[in-house]
Amino acid sequence: MALSSPSRAADLIVIGGGVVGAATAFHASRVGLRPVIVEARGALCTLTTPRATGAFRLQFDNLEELELVRESVDLFLNFAEATGQREHDLGIRQQGYLWLTTERGRMERQRALVERQATWGLTDVELLSADEIRGRFPYVGPNVVQGRFRAADGFIDTTQLTLGLARASRAPVALGARVTGFRIEDGRLRSVDTSRGPIATDRAVIACGPLSGVVAGLAGVELPIQTVLRHKLVVPEVPEVPPDAPMTIDEDTGTHWRPAARGAWLLCTDPRTLPSPPTEDPRPDPEFGPSLLDPSSPLAAARIVPFWRAVWERGGRDWYVEAGQYTMTPDHRPLIGPTPVEGLYVNTGYSGHGIMGSPAGSRILAGVLSGRLRPEDNPFRLDRTFERREVDTL
């Protein structure tokens, strides 16, 4: 329900109308709170969430993230029942994630990861030989030596996910209400100031993705996050792409693609990309498209899937690039819980896994807000020790 003007008081204010804000409101309502979503833009789900890959997987390299996303996926697969609404359908397609390598030195690492995942209860990941891969996915090139595949991973409509969670929360929504400050007395939150007027509250959650650090700074809180520009190349028409293909990933370079409508989306999480200032208007790099389509590029999709060479050689420019930002923490795990300002909480820093992780992460936050979860039992609290690690952010 959109508000003609923000309420003068609220039980809980959720700052941000993307997937994390909507998930926060949903789970807060489930523990008896009455949230209000405050969104600076003119509609929900218009900044980072719709730029996402729109996919989910359980193939992680650590148990903590695997368990978090497994809970989210359970919600996805039972969305209508879990949310009690049927207006927003997630359009789930379980077509799998296929990770490919051309490096023999990486084969043992793939094998060890699949074996480790099995000890965590993820027993449906297949380790495929080169012949098995090309037998099932004939578009894969002859240089691929091994792959790992899980058929139950898949794709999801991120906008419908966000709108469905928001509707299920029954939270009023104040659009065009940019947070401009906080009133804090004796270290405790008293109100949230917005461009449409102040809202009295003693609890608020900052859940606005790449802008979370900027908003927290208005309360004098410094968050250990950085923003990193990421791109999505949209190619509307690619007849070579099988509509039932899985997410296909070059594990050696990070380039990956998935079917979308009558074409494909191509992405690359190049670890060499430096952090950049958070912004509401991330500008696409015009060189991103050629970096994935030109076969001479070291990141080219054609490196392991030859039909992308034909797409490039046809010429023309029937593609466009969208840009968004990942909100990164030092250990690539989210920040969930209270800040030093009493009554002010955060739910951010999913490091590229916000679609997959925030539905479950927001349930953890709801436990913190309601007192049902002890602070020491929250593995994502802000005062944890951060151990830097190199992990994938696909």
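What follows draws every value from the coordinates through simple rules; no lab data is involved. Keep in mind that this is a model prediction, so the values were computed, not measured. Ideal geometry is used to build each Cβ from the backbone, glycine not excepted, and the neighbour counts take in all protein chains shown.
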HN-Hα J in Hz across segment 288-293 - Karplus 6.51, -1.76, 1.60, θ = phi - 60°, x for Gly and Pro:
5, x, x, 5, 9, 9
Separation between Cα centres of segment 178-203 and segment 1-64, rounded to whole Å
18
For helix 104-119, what angle does its Cα long axis make with the longest principal axis of the chain, in degrees from 0 to 90 and rounded to 10?
50
Nearest-20 debye value, the chain charge dipole, Cβ charges on Lys, Arg, Asp, Glu
720
Of L163, L274, L266, which has the largest mean-square fluctuation in a 10 Å C-alpha GNM of the chain?
L274
Environment charge of R314, counting only residues whose C-beta is closer than 14 Å and scoring Lys/Arg +1, Asp/Glu -1:
-3
For helix 63-77, what angle does its Cα long axis make with the longest principal axis of the chain, in degrees from 0 to 90 and rounded to 10?
80
If you average the alpha carbon positions of segment 97-159 and of segment 294-369, how far apart do those two centres end up, in angstrom?
21
Towards the positive end of the charge dipole of segment 259-394, with charges on Cβ (+1 Lys, Arg; -1 Asp, Glu), say which of W319, P359, S296 has the farthest Cα.
P359
As a check on your grasp of the helix formula, calculate [θ] at 222 nm for the chain: sum -39500 (n - 2.57) over DSSP H runs of n ≥ 4, divide by the residue count, round to the nearest 500.
-7500 deg cm²/dmol
Note the angle between two axes, namely the Cα long axis of helix 354-370 and the longest principal axis of the Cα atoms of the chain, as a number of degrees from 0 to 90, rounded to the nearest 10.
30
Highest-fluctuation residue, R178, R170, R136 considered, GNM on the chain with Cα pairs under 10 Å:
R136
Out of the DSSP beta bridges found with both residues in the chain, what percent are antiparallel (nearest 5)?
70
Equivalent ellipsoid dimensions for segment 14-61 as semi-axes, Å, which come from the Cα gyration tensor, largest first:
22, 17, 6
Taking the Cα centre of the chain as the origin and placing charges on Cβ (Lys, Arg +1; Asp, Glu -1), which of V173, G96, A112 is farthest toward the positive end of the dipole?
V173
Size of the chain along its principal axes in angstrom, Cα-based, largest extent first?
65, 47, 40
Full-stretch length increase - R178, R86 - with 0.36 nm per residue and alpha-carbon distance subtracted
30.1 nm
Exactly which trypsin sites (Lys or Arg not before Pro) in segment 263-327 are in a DSSP loop and have at most 10 other Cβ atoms within 10 Å?
R272, R314, R317
FRET efficiency for A310 and E287 from the Cβ-Cβ distance with R0 = 22 Å, rounded to 0.05, comes out at 0.55
Quick numbers on segment 213-366, Rg and Dmax over C-alpha atoms in Å, give 18.3, 59
Most mobile of T269, T119, T348 per a Gaussian network model of the chain (Cα springs, under 10 Å)?
T119
